[in-house]
Amino acid sequence: MEPLPEDAPPRVGRGLLLRAALAAVLILLLSGGAVASAVFLQVDDLLNVVKEEGRAPIALPEIDEADVGAPQTLMILGSDERFDEKKRGGSRARSDTIILVRLDKNNDAVSVMSLPRDLKVTIPGNSVPTKINAAYEQGGARLTLRTVKKVLSTPGRQFKVNHLVTIGFESFQRAINYVGCVYYDVDRRYFNDKSSGQNYATIDIKPGYQRICGQDSLDYVRHRYSDNDLFRAARQQEFLRQVKNQQGVQRLKDPRRLKDLARVFSRYFDSDKGLRDRKELFALAKLVIFASQKPVREIPFIPDGEEQESAYLLASERRIEETVDRFLSGRTAVSQRKGSRRPRKRSTRPRSRPSSSSASLKDVPGLESATREGEDQAITADPKLDFPFYFPGRKPAGSRLDGGLSSEPTTRTYSIRDERGKTHRAYRLTARLPGAVPEYYGIQGMTWRAPPILDSPDELRTVNGRRLRLYYDGRKLRLVAWKTDRAVYWVSNSLMRRLSNRQMLAVAGSLRRLSGG
């Protein structure tokens, strides 16, 4: 897939059908055409598994039935309902995540869009505007569906939803554990023990590439303490992007394991009746076959502003109409400009670009020296490792090496076990960018030279004599990595992709050892 222009809004998620992987039949999208094709041969067996082991389908008269081959929109709801609350009859849940996926064989890409849970709307049956996630509390999946359709409909164009799937806290944790947990690149220290009295969930996760399982994975994707709903959506999308390369998920792509997928769906997710119907499942599988080779494009839902007192996110009718246009067409605002090129089909092989010299990256705007701070980190961390510690000689202006908590070191040294159980040494150097909301980039090094995060680079380029592996999010670099005989190192961009491409390359090119070797 050809990356989007660098000035496009951050697209937090190529490969985002990963959300679908954790949301029922959309695992077909994750698995691609081979699995979708296999559905035709095993559909009766699969439906029997769902019928015998699954939950009762949700009655949703508002669901729009699609003709065979016609475009379909699927809605995924993540609710904050807990299993113990069901048993105790506790407070009703709210929708924690609302995701829309658009499948259209005539579009250049599959569209994925997240609706902010703090979006200010008027829920059907109410006169006072409130946050969109309150619809689930008031009327469950059905009222949420009605609300979404009302908010996204415009005069002359009714917004249609063809299927709906819900997943709760407990189900999310079980699904993550089912695939063997997730290796994930944590950008900073996340900690909250509620000691300060704020009404936010507890969390305790250290920075660095690591294996995250059920409760920690849920804590991470739900976290909002110290930032906002937009950062939260970025965390969710980045987390689910990285799920797709996990060994457990790769195993589930085998068409011979379709019954296992059906069991995951039936045990952990609720869905509308259509996903239990032979005819509609055939129609969806056929559409997936057409879409499986197309890129996945995140359509950002960018609000107009925020009401500070109540923390509502505001979106005008015009902004919503523009966003829906992009979602239905599968194109970003930039790609719809007159004369814009259609994206090329993404090759499975990385592109190779000409080398960049140190001189071409010497005067990149917005960078300053980090040598002194980096040397201090190296002196402290290097003796704790059994492989070379590389630190950046350059950093974004105004940023500071910062571990995320004043009581903890900037560089974390630790051990990590790979998928075969072998132990490797690792370190994470964390740096905070200037700004009111904390945002971090980082330097990772470890002796595990083939972690899932480094599968399938988009581009190879030589900078300062190093063969860099580049990973894009649209046209923005999200990761720059390189390998030595003993270890692998990478620079991670911030969640909102604050560092420009040249800055990412310059920081990666400036990495050096304390000895200068």
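The values are calculated or read from the model by the stated rules, or taken from the named source; none is laboratory data. What you see is a predicted model; the values in this text were computed from it and never measured. Neighbour counts are summed over all protein chains in view; Cβ atoms, including those assigned to glycine, are modelled from backbone coordinates with ideal geometry.
Being more than 27 Å from D304 (Cβ to Cβ) and part of a helix (DSSP H, G or I): is that true of E137 here? Judged against the criteria, E137 is not a match.
Can you tell me how many residues within the range 406-421 are exposed (fewer than 15 other Cβ atoms within 10 Å of the Cβ), modelled with pLDDT of 90 or more and outside any strand (DSSP E or B)? Residues meeting the conditions: 2. Taken over the range 122-134, the residue count meeting the criterion of being under 18 Å from K160 (Cα atoms) and surrounded by 21 or more Cβ atoms within 10 Å (Cβ to Cβ) is 2.
Is it the case that the range 142-157 has a residue that's surrounded by 20 or more Cβ atoms within 10 Å (Cβ to Cβ), in a strand (DSSP E or B) and either at pLDDT below 90 or in contact with an Asp or Glu (Cβ under 8 Å, 6 or more places away or on another chain) (or both)? No, the range 142-157 contains no residue that is surrounded by 20 or more Cβ atoms within 10 Å (Cβ to Cβ), in a strand (DSSP E or B) and either at pLDDT below 90 or in contact with an Asp or Glu (Cβ under 8 Å, 6 or more places away or on another chain) (or both).
Scan the range 407-430 for residues that are without any contact (Cβ under 8 Å) to a residue 60 or more places away in the chain and of a type outside the set (V, I, T) and the total you get is 10. In the range 422-454, the qualifying residues are those that are among the aromatic types (F, W, Y) and assigned to a strand (DSSP E or B), and the one that is nearest to R224 (Cα to Cα) is Y440.
Here K120 passes the criteria (1) part of a strand (DSSP E or B); (2) modelled with pLDDT of 80 or more; (3) under 22 Å from the mean Cα position of the chain (by Cα) except the one numbered (3). With respect to the conditions (1) in contact with a Gly (Cβ under 8 Å, 6 or more places away or on another chain); (2) within 23 Å of P365 (Cβ to Cβ); (3) free of Cβ contacts under 8 Å to residues at least 60 places away in the same chain, L433 falls short on a single one, namely (3).
A quick yes/no check of all residues on (1) out of contact with any Lys or Arg (no Cβ under 6 Å at 6 or more places or on another chain); (2) modelled with pLDDT under 95; (3) surrounded by 23 or more Cβ atoms within 10 Å (Cβ to Cβ):
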site: G435; (1), (2), (3): yes, yes, no
site: I443; (1), (2), (3): yes, no, yes
site: P452; (1), (2), (3): yes, yes, no
site: P457; (1), (2), (3): no, yes, no
site: R466; (1), (2), (3): yes, yes, no
site: L479; (1), (2), (3): yes, no, no
site: Y489; (1), (2), (3): yes, no, no
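Cβ separations smaller than 7 Å between residues 6+ apart or across chains give the following pairs from the range 370-382 residues that are in the same structural domain as R425 (by TED's automatic domain parsing) and farther than 15 Å from G393 by Cβ to residues that are outside any helix (DSSP H, G or I) and hydroxyl-bearing (S, T, Y): T380/T411; A381/T411; A381/T413; A381/Y427. Restricting to the range 159-205, give me the number of residues that are modelled with pLDDT of 75 or more, under 19 Å from E419 (Cα atoms) and either charged (D, E, K, R) or assigned to a helix (DSSP H, G or I) (or both). The qualifying residues number 3.
Count of the range 472-501 residues, restricted to those that are touching a residue at least 12 places away in the same chain (Cβ under 8 Å) and out of contact with any Ser or Thr (no Cβ under 9 Å at 6 or more places or on another chain), is 20. Considering the range 300-394, the qualifying strands (runs of 3 or more DSSP E), each wholly inside and each with 3 or more residues that are under 24 Å from the mean Cα position of the chain (by Cα) and at pLDDT 80 or above, run over 312-314.
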